[in-house]
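Notes to accompany the following structure.
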Amino acid sequence: MRIKFFFSLAITLLLIYLLDNRWVVGDTPVPAIGRFLDPFHGFWQNIESRTPQGFNAVNLPHIKDKVKIVFDSLDIPHIFANNDEDLYYAQGYVTAMHRLWQMEFQTHAAAGRVSEITGAGKDSVILNYDRGQRRQGMTYAAENALEALNDDKTARMMIRQYTAGVNAYIKSLEYKNLPFEYKLLNYDPEPWTPLKSALLLKSMAQTLNMGDKDIEMTNALKLYGKNIVDLLYPDRDIQEDPIVSKPENWKFKPVLSDSIPMAIPEELVKISNKIPQQDPTTGSNNWAVSGSKTKSGSPILCGDPHLNLNLPSLWYVVQLNAPGINCMGASLPGTPTVIIGFNDSIAWSVTNAQRDLVDWFKITFQDQKKEKYLLDGNWVDSRKVIEAFRVRDQHVFYDTVVYTQWGPVTYDERFNAENNLKHYAFRWISHDASNEFLTFYQLNRARNHTEFSEALDSYASPAQNFVFASASGDIAVRVQGRYPARRKDEGKFVLDGSKSFNGWHAYIPNEQNVMDKNPTRGFVSSANQYPVDDQYPYFITATHFENYRNRRINQVLSELSAITPTDMMKLQNDNYNLRAAESLPYFLQHLDTTAFSAEEKKAYQVLKSWDYTNSKESIGASYYEAWWGNFMPLVWDELNQEKVSLSRPTTFNTIKLTKEKPDLIFFDIQSTPEKETAPDVIRKSFSFGVEDIEDWVAEHTDSMATEKTVPAWADYKDSYLTHLLRLEQMNIHIRAGGGRDIVNAHSRTHGPSWRMIVSLEKTGPRAWATYPGGQSANPGSSHYTDMLGRWLDGKYFPLHFLKTPVEAKGITTRTFELNPIQQ
């Protein structure tokens, strides 16, 4: 009996131990199953049977007066405070209430701390990601930004109050209330800090403005020579339709100095692979139309940033109301203010400016200790930072990052040692101190174009194309950022870090940045294209510039009159494929129809009658994109065989070369004994594309089916929203039209992250929006994806822009009140 008792006790204790702890099976982490499945505290508590209703009030520290928050049917909070301090406290509190896990996970990713949560990952892939983040100086950049922020009284107040609000919410949580992902991964949230908010802005800068092709261009110059480089990679495409074209108006004296030697390479080496950069399919659109072209006579502004399609949704919609401010739009969870939105008087939106704001410098160290490096004939001190990685379920991993005056040395013998990109320092504009928080504080309160411009003067990174419209009738665009003043070819190649004259000696003054106001054509627009006409005195380079979406948008806006918000919604969802319209007729001409198989005949007939529209149900789009997906790799197969980092020429230039230089040596396919020309590549890639479609049909058709159906574009593309944990089971597959180079720039994993239309009417703004997902980050909430269907169908919801809480009576589902703790 005694033995049975102790045996039962041992089994019970073992089960408690096993079920109450996290385990790793193979490379897969398993949560603490007991707590995770606990019906009273586990993940069941995250399932909401309905949206919370009614009234709730809490007493909190660090606020001065009562704050009222009303939630509408989409769970959008409308925050009414009596002062700025309470406003940003409440914004932090309510954002954390909906998005805490997302906020924290994204800051861990930015800071190189994901392995603390998940472990090192298979083949240490997560640890290596973390190392890459720190070796690119992400925390270093955020610390510099925080220093500038703390020097400004307004920004310091704003971020401290926001932080206090987030932490007040964190302190209110028990295990049963934790977001689902904390339970799944079996860890707890840590206190929020101002540094985390700075990290989120630097993470956005990394997504948008860390792109460069210095290494790729250096390799191309070494391999092919300047003539071929100029042919394959022109600084600007023809037919580019820039953001601003006013050649006679650049009357200022540029801050360029011929007394400083040109910053171009003196010696060239082939350099191997580097950390992956932003997805080239990322694109955005914005425009503003003058009242002279609208039916109402009031300006209409349209914002359409295209980014990673993530779950939880990238943006969080909020209204901020306090004395001196009444603003609404998309906020970035983890940072105060509205980033893209409108107030009583103005509206604004942004697209990425694409500028190359990165340089690489070859460093010569004195010896293997790397304590000194060569600069202008002297050995100067480096700075070493020992990075500690507290990898989950493992010992602490240490890495040493060496900093120079240029920035961190990203690659060395301990990181990516398999290639020869060693001892190159990484100079990035976002490493510099800046205060974007102040920009958005002022922008949220701006009443006219003058105040809009003053707000942008403090904005440095990531470089953006700001489009503006006001109720007083003005429209404008400004390509704003902190840009090094460059001359021809500067910023395109890897440089010698032992010579200080290769650095950035001057920056373009704000008043000399590209901008325009009230152009005669009646609209301003941007879509990631080249920013300006060829008379602008500064040299501009980037990884790539768009050359299709911008022309399509401008074509449609030029032709429209008596424009309505509905017209603008249609344009944001436009699926016309200008790339196909300019390439497909030429491609079809070069096919040999006499040698077609039955499947190729079918594809040919479909493509001949296709309307160049990548709609969801289009079969022609499937055939064309499958063809194009084989054409580009066949043309540029040489670039993959060099075993070093090289960039493909742009889509536009590839089509241009196909038409104008069909005998160019690059059209010869390396894997065949024949010598191919462009028409040969067109024919081969067509056959390969048809084979890809047939393979898809075979894979997706039941073996007993009597008829095989060519996939509609939405099915062939197979887009999906990716959960931040990158767990397939938590992704959502969707049927969507659009595609790269299309106004509806919806690729497989990237697309319209927030769409907004604002009519700036004198009686008050009217606004509509749509975005993928919902306000809640809880997969068990009805507001996790309640906007998704509308977004997919191109439908918008009205944004209820309230002046007082009383106006919320007809739209309120619940009310939340924050009260100061009575002393």
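The values are calculated or read from the model by the stated rules, or taken from the named source; none is laboratory data. None of the values given here were measured: they were computed from a predicted structure. As a convention, Cβ positions derive from the backbone with ideal geometry for all residues, glycine included, and neighbour counts pool all protein chains shown. To get the accessible areas, we keep the full protein, side chains included, count just its heavy atoms, and leave off ligands, DNA and RNA. Shrake-Rupley method; radii C 1.70, N 1.55, O 1.52, S 1.80 Å.
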All-but-one check, E817 against (1) out of contact with any Lys or Arg (no Cβ under 8 Å at 6 or more places or on another chain); (2) under 23 Å from S331 (Cβ atoms); (3) not hydrophobic (A, V, I, L, M, F, W, C), failing number (1)
Can you tell which of Q206, Q239 is at positive phi, open to solvent by 30 Å² or more (accessible area, probe 1.4 Å) and within 28 Å of the chain's Cα centre (by Cα)? Q239
V524 vs (1) open to solvent by 40 Å² or more (accessible area, probe 1.4 Å); (2) not in a loop (DSSP other than H, G, I, E, B): all pass except (1)
Out of (1) open to solvent by 20 Å² or more (accessible area, probe 1.4 Å); (2) at pLDDT below 95, the one Y140 does not meet is (2)
Considering only region 724-762, state which residues are part of a strand (DSSP E or B) and more than 15 Å from the chain's Cα centre (by Cα). I732, H733, I734, M756, I757, V758, S759
Considering only region 65-76, state which residues are modelled with pLDDT of 95 or more and open to solvent by 70 Å² or more (accessible area, probe 1.4 Å). K66, K68
Do we find that V358 is hydrophobic (A, V, I, L, M, F, W, C) and open to solvent by 10 Å² or more (accessible area, probe 1.4 Å) in this structure? no
If you check S647 against the conditions, is it within 33 Å of the chain's Cα centre (by Cα) and over 18 Å from L588 (Cα atoms)? yes
The one condition D702 fails out of (1) assigned to a loop (DSSP other than H, G, I, E, B); (2) open to solvent by 20 Å² or more (accessible area, probe 1.4 Å); (3) closer than 24 Å to L799 by Cα is (3)
Go over the candidates E559, E600 one by one and state the one that is open to solvent by 40 Å² or more (accessible area, probe 1.4 Å) and more than 26 Å from the chain's Cα centre (by Cα). E559
Residue under question is V494, and the condition is that it be over 29 Å from T404 (Cβ atoms), in contact (Cβ under 8 Å) with a residue 24 or more places away in the chain and crowded, with 20+ Cβ neighbours inside 10 Å; does it hold? no
How many residues of region 378-409 are free of Cβ contacts under 8 Å to residues at least 12 places away in the same chain and outside any strand (DSSP E or B)? The answer is 2
Contacts under 9 angstrom Cβ, first residue in region 235-250 being closer than 17 Å to E511 by Cα, partner of a type in the set (D, E) and part of a loop (DSSP other than H, G, I, E, B), 6 or more apart: V244/D533; S245/D533; K246/D533; P247/D533; P247/D534; W250/D533
Mind checking which pairs have a first residue in region 718-740 that is over 20 Å from L184 (Cβ atoms) and a second that is among the charged types (D, E, K, R), Cβ under 6 Å, 6 or more apart or different chains? S719/R748; R735/K616; G737/K616
Using the structure shown, decide if G794 is over 17 Å from W315 (Cβ atoms), in contact with a helix residue (DSSP H, G or I) (Cβ under 7 Å, 6 or more places away or on another chain) and part of a loop (DSSP other than H, G, I, E, B). yes
Just checking, how many residues over region 781-807 are surrounded by 15 or more Cβ atoms within 10 Å (Cβ to Cβ) and in contact with an Asp or Glu (Cβ under 7 Å, 6 or more places away or on another chain)? 3
Starting from region 554-579, keep only residues that are under 14 Å from S759 (Cβ atoms), then list their pairs with residues that are surrounded by 19 or more Cβ atoms within 10 Å (Cβ to Cβ) and of a type in the set (A, V, I, L, M) whose Cβ atoms are within a distance under 6 Å, requiring at least 6 positions of separation or different chains. I563/V289; P565/I757; M568/I300; M568/I757
One residue from D241, D230, D304, D258 being acidic (D, E), more than 23 Å from F466 (Cα to Cα) and modelled with pLDDT of 90 or more: D230
Among L646, L657, which is the only one that is surrounded by fewer than 21 Cβ atoms within 10 Å (Cβ to Cβ), on the phi < 0 side of the Ramachandran plot, of a type in the set (A, V, I, L, M, F, W, C) and in contact (Cβ under 8 Å) with a residue 60 or more places away in the chain? L657
Looking at region 563-586, which of the residues that are out of contact with any Ser or Thr (no Cβ under 6 Å at 6 or more places or on another chain) and of a type in the set (A, V, I, L, M, F, W, C) is nearest to K608 (Cα to Cα)? L584
Meets criteria (out of contact with any His (no Cβ under 8 Å at 6 or more places or on another chain), among the aromatic types (F, W, Y) and crowded, with 16+ Cβ neighbours inside 10 Å) for W379: no
Buried (at least 21 other Cβ atoms within 10 Å of the Cβ), under 27 Å from T364 (Cβ atoms), modelled with pLDDT under 95 and in contact with a strand residue (DSSP E or B) (Cβ under 8 Å, 6 or more places away or on another chain) - does that describe any residue in region 504-514? no
Wholly within region 531-645, which helices (runs of 4 or more DSSP H) include no fewer than the required count, namely at least 2 residues that are closer than 30 Å to N416 by Cβ? 619-635, 637-641
Could you list, in sequence order, all residues of region 386-404 that are in contact with a Gly (Cβ under 9 Å, 6 or more places away or on another chain) and open to solvent by less than 100 Å² (accessible area, probe 1.4 Å)? E387, F389, V391, R392, V401, Y403, T404
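Against the definition (open to solvent by 40 Å² or more (accessible area, probe 1.4 Å), under 27 Å from Y548 (Cα atoms) and at pLDDT 95 or above), how does F667 come out, yes or no?
Here the answer is no, as F667 does not meet what is asked.
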Exactly one condition in (1) open to solvent by less than 40 Å² (accessible area, probe 1.4 Å); (2) closer than 27 Å to Q605 by Cβ; (3) assigned to a helix (DSSP H, G or I) is not met by E676; state its number. (3)
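Yes/no per residue for (1) open to solvent by less than 10 Å² (accessible area, probe 1.4 Å); (2) assigned to a helix (DSSP H, G or I); (3) touching a Cys at 6+ places or on another chain (Cβ under 8 Å); (4) over 23 Å from L802 (Cα atoms):
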position	(1), (2), (3), (4)
N59	no, no, no, yes
H78	yes, no, no, no
N82	no, no, no, no
F105	no, yes, no, yes
A109	no, yes, no, yes
N128	no, yes, no, yes
Per the list (1) under 16 Å from P305 (Cβ atoms); (2) part of a strand (DSSP E or B), residue check on L818 breaks on (1)
Being aromatic (F, W, Y), open to solvent by 20 Å² or more (accessible area, probe 1.4 Å) and within 23 Å of the chain's Cα centre (by Cα) narrows it down to one of Y720, Y716, so name that one. Y720
